[in-house]
Amino acid sequence: MTWLTDEQDIALEMAVKAAQTAAPHLPRWVWRDVMEKYSFRLIRHTDGPIGFISIRKNDIHCYIMPEYRGRWIPRYDLRDLFAELLYKYGEVTTAVEKTNHEGIVWVQRLGFKQDGESDRMYTFKLKEYNYV
């Protein structure tokens, strides 16, 4: 079983570790300063913390430990998060690496529509959330 929690400190620590793995040449304090600008929802499994959703204004990003990909959170948890952001900002944005085919399919299944791209990423917007 998997669910979202508001455990900011644990999610922040996971985010810093994930960022350090992606760019080990940057010192820990740089990541900590960057991550302080975000709020987080921890993704918890019965085994313990397995990922996080980072939120900065209406922009969200998700990280799941590779061994837990495919075990996802209930849509009602996402509904609550998206409803809050849609109410406040009118849309939710995210970006997915072009090589992350599972991530692309997942955000599209949630109702996000592709709205741009760069060399490495596709960008997506969600203007309404219709899933329960």
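Results, tabulated for the structure shown:
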quantity: Residue in the stretch 43-51 that is at pLDDT below 85 and either hydroxyl-bearing (Ser, Thr, Tyr) or in the same structural domain as PHE82 (by TED's automatic domain parsing) (or both) present; calculated: no
quantity: Number of the condition not met by VAL34 [criteria: (1) under 12 Å from the mean Cα position of the chain (by Cα); (2) at pLDDT below 85]; calculated: (1)
quantity: Selection within the stretch 74-103 - closer than 14 Å to ILE60 by Cα and of a type in the set (Val, Ile, Thr); calculated: VAL92, THR93, THR94, VAL96
quantity: Residue in the stretch 97-124 that is surrounded by the fewest Cβ atoms within 10 Å (Cβ to Cβ), counting only those that are within 23 Å of SER39 (Cα to Cα) and touching a residue at least 24 places away in the same chain (Cβ under 8 Å); calculated: GLU97
quantity: Residue within the stretch 20-33 that is acidic (Asp, Glu) and either in contact (Cβ under 8 Å) with a residue 24 or more places away in the chain or surrounded by 15 or more Cβ atoms within 10 Å (Cβ to Cβ) (or both) present; calculated: no
quantity: Residue check for ARG44: in contact with a strand residue (DSSP E or B) (Cβ under 8 Å, 6 or more places away or on another chain) and buried (at least 17 other Cβ atoms within 10 Å of the Cβ); calculated: yes
quantity: Test: THR94 is without any contact (Cβ under 8 Å) to a residue 40 or more places away in the chain and either in contact with an Asp or Glu (Cβ under 6 Å, 6 or more places away or on another chain) or in the same structural domain as ARG44 (by TED's automatic domain parsing) (or both); calculated: no
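Listed here are the residues, each with its yes/no results for (1) modelled with pLDDT of 90 or more; (2) among the polar types (S, T, N, Q); (3) more than 20 Å from ALA11 (Cβ to Cβ).
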site: ILE53; (1), (2), (3): no, no, no
site: HIS61; (1), (2), (3): no, no, no
site: TRP72; (1), (2), (3): no, no, no
site: TYR87; (1), (2), (3): yes, no, yes
site: THR94; (1), (2), (3): yes, yes, no
site: GLY103; (1), (2), (3): no, no, no
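The values are calculated or read from the model by the stated rules, or taken from the named source; none is laboratory data. Quick caveat, the model's predicted, so the values are computed rather than measured. A quick note on method: Cβ atoms are made from the backbone with ideal geometry, for glycine too, and the neighbour counts reach across all protein chains shown.
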